[in-house]
Amino acid sequence: MPNSRTTAHAGRNRRHPSATRSDPNPRHVRDAEVRIDAAAPGVDLAPIWASMGYDEINYTYRPDGKKLLNSIGAFSPQPFHVRPHYMFCSGSGWGQPHWGNGNVYHEDADGNPFYDFTLLDETYDAITGAGHHVLVELGFTPKDLVPEKAVFPVLSSPTVYSAYEQGLWSFPPKDYGKWAGLCAATAAHVLERYGAEEVSTWVWELWNEPDIFYWRGTPQQYYDLYTVTVEAIRGVLPDARVGGPSVTGGDDGVEFLRGFLKHCKATGTPLDYVSFHTKGSAFTPWRTYGPIGAPAPVQESPSAVKMLFEVDRLLAVMDEFPEYAALPALIDECDAGVPAHHSAYDNPNFRFQNTEYYPVFQAKLMKKLLDLSAAHSDNIEQATTWSFYFEGERYFEGTRSWTTQGGIEKPLMNAYRLFAKLGRRRLPAVSDRAFPIDDLSGREYGMPEEVDALASIADDGTVTALVWRHGDDQYAQDPEPTAAALAFTGLAAGSYTATEYRIDADHSNAHTVWEALGSPQDPDADALKAIHTRQGLETVGEARTVTAEDGALRYETALPLPSVSLVVLEPR
């Protein structure tokens, strides 16, 4: 589809709040109708949600990490691409929040490089063993390649390691030739260990967010290192899928991306995809250091509008370059909040990461991203959740993670179970209470409450409709549900088995069960059983038979705030 959007169109002002404020006078949606045409030819439904990443690379091969990867692999029909940070950082293999190390690169006394792939093997074995593929984020600078003149002041303290862990890893490597050798050796090693068929599915990316503090060099130094890196990887894997530059969604990211594409065009450096990031909130302050259980100093929530604005603007930069406009776009960090390891104990606004609010936000976001993609070159391929799990946290700490203490699955995980049930083709679904993507200007209260839907059809004729009620305000309450009607037309079968899966406060929600038990931090066996029993996907009532008349069927449901349902119609 020809695109009609530009950087100028991407929002009517460039000032977006870092997070949305709670609306004192929200307007609730009382009723909604969604029209779904099951006879439409439809388009391929890109599973943009099938990717994940995280900072703590060393958690990958821990027992809980392996269990989580396998759990996702068991329900997802598509393998996830998995993108851990810090693969080339030096260290002992000890992971902690927002830090890890693959410890690959070393030099002997004469300065000759040698490589230890022990930790990287454990990491990639766990990912591929669960049926997933690797997004190889080539970063960051090993200790032996840190420039001699690099300085990162650190006061002596028992709570820090050294200047290297604090940030020396973010300087450009002092020897681009040795860096190229490291990249080539890594490519050769994984080719030998995992085989050409598996490695052909991998994605290769240089660094992370080089427009901010992850890169303490100039943009041109990064651009040059990208060329060196691609030549090294392609020297071993001629068909390797290479790209970047994984910039942030801020103003600096826009200019960095534009310079990067100019560089690739001028030098002819291969580029198979373009990557960038977006975040929906930075709460004020990030950490309150207040008493346990104190309320948030300011009630804030993630902004879907801010995220869509950032993506729209970065896609528009791609559109400035005809050579690259239609390349796949990988939003390989696409998150409602930041950072992942901050929790409800740091700022109570992070509590949304425990609740039903978050999976409903994700459902809404994925649909809007697909709409935005269609308004450009239909090229968004991934919208990565930067979420994994954390060692040593309390029950429902409130971090951005799939599971909490004891491997309990959070409601977020059920959103991805819903996505996994969608069909291969997207069907037209038009809601009379949806918020359009036409105006992505700054909004103090974010995206207002809406009812919208994403519909699909499978090869066997099963029709699915993901429908939600949500606004960008985790504090909004409404005792009355919205009366939502799904008006299906063009149905091929005369009757269907209808099943409605639901995520809300009362369904598919281990967190509310835990709260009802008194929020125990040392739950006994009975409490844990009760929590685990409710952590998976649940239905509203029982499956029932419904009849279509002349291909038409009206399905009615009641949507609390917030909630998401997946209505599945299986031909009988």
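A few notes on this one:
So that you can scan it fast, the table gives a plain yes or no per residue for (1) in a helix (DSSP H, G or I); (2) among the basic types (Lys, Arg):
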position	(1), (2)
Gly244	no, no
Gly253	yes, no
Phe256	yes, no
Phe260	yes, no
Lys265	yes, yes
Thr269	no, no
Phe276	no, no
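- Some residue of the range 481-489 being surrounded by 24 or more Cβ atoms within 10 Å (Cβ to Cβ), out of contact with any strand residue (DSSP E or B) (no Cβ under 6 Å at 6 or more places or on another chain), within 28 Å of Gly337 (Cβ to Cβ) and of a type in the set (Gly, Ala, Ser): no
So that you can scan it fast, the table gives a plain yes or no per residue for (1) among the acidic types (Asp, Glu); (2) touching a residue at least 24 places away in the same chain (Cβ under 8 Å); (3) surrounded by fewer than 21 Cβ atoms within 10 Å (Cβ to Cβ); (4) in a loop (DSSP other than H, G, I, E, B):
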{"residue": "Val29", "(1), (2), (3), (4)": "no, yes, no, yes"}
{"residue": "Arg35", "(1), (2), (3), (4)": "no, yes, yes, no"}
{"residue": "Ala39", "(1), (2), (3), (4)": "no, yes, yes, yes"}
{"residue": "Asp64", "(1), (2), (3), (4)": "yes, yes, yes, no"}
{"residue": "Leu69", "(1), (2), (3), (4)": "no, yes, no, no"}
{"residue": "Gln78", "(1), (2), (3), (4)": "no, yes, yes, yes"}
{"residue": "Val82", "(1), (2), (3), (4)": "no, yes, no, no"}
{"residue": "Cys89", "(1), (2), (3), (4)": "no, yes, no, yes"}
{"residue": "Ser92", "(1), (2), (3), (4)": "no, no, yes, yes"}
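- Looking only at the range 167-213, and only at residues there that are surrounded by fewer than 18 Cβ atoms within 10 Å (Cβ to Cβ) and under 22 Å from the mean Cα position of the chain (by Cα), the one that is nearest to Asn103 (Cα to Cα): Phe213
- Residues in the range 516-527 that are touching a residue at least 12 places away in the same chain (Cβ under 8 Å) and either open to solvent by 50 Å² or more (accessible area, probe 1.4 Å) or acidic (Asp, Glu) (or both): Leu517, Gln521.
- Yes/no for Thr545 being hydroxyl-bearing (Ser, Thr, Tyr) and either within 30 Å of Leu68 (Cα to Cα) or crowded, with 16+ Cβ neighbours inside 10 Å (or both): no
- Extreme residue, modelled with the lowest pLDDT, among residues of the range 14-27 that are open to solvent by 60 Å² or more (accessible area, probe 1.4 Å) and under 27 Å from the mean Cα position of the chain (by Cα): Arg14
- Criterion: in contact (Cβ under 8 Å) with a residue 40 or more places away in the chain and in a helix (DSSP H, G or I) - qualifying residue of Gly423, Gly446, Gly442, Gly406: Gly406
- Glu320 being touching a residue at least 60 places away in the same chain (Cβ under 8 Å), within 15 Å of the chain's Cα centre (by Cα) and open to solvent by 10 Å² or more (accessible area, probe 1.4 Å): no
- Hits in the range 224-252 - residues which are touching a helix residue (DSSP H, G or I) at 6+ places or on another chain (Cβ under 7 Å) and either over 22 Å from Lys174 (Cα atoms) or among the aromatic types (Phe, Trp, Tyr) (or both): Val236, Leu237, Ala240, Val242, Val247, Gly249
- Scoring Arg83 on the criteria (1) within 29 Å of Ala420 (Cα to Cα); (2) more than 19 Å from the chain's Cα centre (by Cα) leaves a single failure, condition (2).
- Residues of the range 325-357 satisfying the condition of being part of a loop (DSSP other than H, G, I, E, B) and closer than 24 Å to Leu440 by Cα: Ala325, Ala326, Leu327, Pro328, Ala336, Gly337, Val338, Pro339
- Criterion (buried (at least 20 other Cβ atoms within 10 Å of the Cβ), farther than 30 Å from Pro348 by Cβ and in contact with a helix residue (DSSP H, G or I) (Cβ under 8 Å, 6 or more places away or on another chain)) met by exactly one of Arg426, Arg443, Arg400, Arg469: Arg426
The values are calculated or read from the model by the stated rules, or taken from the named source; none is laboratory data. If you're wondering where the values come from, they're calculated on a predicted model, not measured in any experiment. Neighbour counts are summed over all protein chains in view; Cβ atoms, including those assigned to glycine, are modelled from backbone coordinates with ideal geometry. These accessible areas exclude ligands, DNA and RNA; they are computed on the full protein's heavy atoms, side chains included. Shrake-Rupley method; radii C 1.70, N 1.55, O 1.52, S 1.80 Å.
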